[in-house]
1. Can you tell me how many residues in the stretch 1-35 are farther than 28 Å from V63 by Cβ and not in a loop (DSSP other than H, G, I, E, B)?
2. Quickly run through the stretch 11-33 and pick out the residues that are open to solvent by less than 50 Å² (accessible area, probe 1.4 Å) and of a type in the set (V, I, T).
3. Given the conditions (1) touching a strand residue (DSSP E or B) at 6+ places or on another chain (Cβ under 7 Å); (2) open to solvent by less than 100 Å² (accessible area, probe 1.4 Å); (3) at pLDDT 90 or above; (4) not charged (D, E, K, R), report the number of the one that A2 does not fulfil.
4. Within the stretch 34-50, count every residue that is within 17 Å of A6 (Cα to Cα) and open to solvent by less than 60 Å² (accessible area, probe 1.4 Å).
Amino acid sequence: MADNKAQLTVDGIDKTIQLAVLSGTLGTDVIDVRSLGSNGIFTYDPAYMSTGSCESAITYIDVEARI
């Protein structure tokens, strides 16, 4: 997993939630929010603009090449 961590504090929750910060092959780092559900919190991304749809260890899509 990742060594980098993000800390989330939410009003009404008495603890700080630790979230992993992941680095991909390209692009910016991301915060892994999978553990939020077990803390009673979910994310909301109405336009699907800040949500990664999947993870693949065998597939790479070069969007710049458009092929």
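The values are calculated or read from the model by the stated rules, or taken from the named source; none is laboratory data. Computed from a predicted structure; not experimentally measured. Virtual Cβ from ideal backbone geometry, glycine too; neighbours counted across all protein chains shown. Surface accessibility is based on the protein's heavy atoms, side chains included, excluding ligands, DNA and RNA. Shrake-Rupley method; radii C 1.70, N 1.55, O 1.52, S 1.80 Å.
1. 6
2. Once the filter is applied, which keeps residues that are open to solvent by less than 50 Å² (accessible area, probe 1.4 Å) and of a type in the set (V, I, T), the stretch 11-33 yields I17, V21.
3. Checking A2 against (1) touching a strand residue (DSSP E or B) at 6+ places or on another chain (Cβ under 7 Å); (2) open to solvent by less than 100 Å² (accessible area, probe 1.4 Å); (3) at pLDDT 90 or above; (4) not charged (D, E, K, R), the one that fails is (3).
4. Kept after step one, since they are within 17 Å of A6 (Cα to Cα), are these residues of the stretch 34-50: 34-39, 41-43, 50.
Filter again for open to solvent by less than 60 Å² (accessible area, probe 1.4 Å), leaving 35-37, 39, 41.
So the answer is 5.
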